[in-house]
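As structure tokens, the structure follows; a few thoughts come after it.
Bear in mind these aren't lab numbers, they're just calculated from the coordinates by the rules spelled out. The structure displayed is predicted, hence computed values, not measured ones. Neighbour counts are summed over all protein chains in view; Cβ atoms, including those assigned to glycine, are modelled from backbone coordinates with ideal geometry.
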Amino acid sequence: MKKIVLVVIVAVVAAGLAIGLTAAAPYIFTMSTSSQNGGSGQTLQASQTTYPYDCALPANSSMWNCATLPSGYKIAPKLPGAPQAVCPSQMSAAACQLYQQTYGNGVCDPNETSITAPLDCSCPGATTPDWYTGRCAAPATVCQAAAQAEISQLYNSTKP
């Protein structure tokens, strides 16, 4: 009887921690760089900021052609050491041109999703990408993964 109670308590505590950690936003990370000439290291801090997806919904249908930003939107500078953006073959030329400007800046820009820009729009904790909004939202559980797969199959089977 004591073992069952202990297991239940541990499960409740673990679930509480998982929920609490996924709700913590914005996510702050630290990136360290150092010069190759033996100079002193430099520590930079950036906040991962997420803006709403700005193209047609559902995002999984438009993410390869998303070539717009809201008027007046300012693209943040790239992070030091960020990799070059490589456009997937299914991405349109206009979307690729914008993607190369926004990728690698630590900001989930309105033209990016966690699929197109995992460096900028990574899903924290126990969350997965929401295919409709293009942002992280869905809980990462076995049941949710199965539901997402079924939704994707249904959506793809109804496309003209």
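Per-structure values
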| item | result |
| --- | --- |
| Cα lying deepest toward the dipole's positive end in segment 47-147, options Pro129, Ala59, Leu79, charges on Cβ | Leu79 |
| Long-range amide H partners of Cys136 with built H, under 5 Å | Asp130 |
| Pairwise label distance in nanometres, Gln100 with Gln84, each label 7 Å out on the Cα-Cβ vector | 0.9 nm |
| Under 5 Å, built H, 5+ apart or other chain: amide partners of Thr49 | Cys108 |
| Contact order relative to length of segment 46-141, as percent, for alpha carbon pairs under 8 angstrom and 6 or more apart | 34 percent |
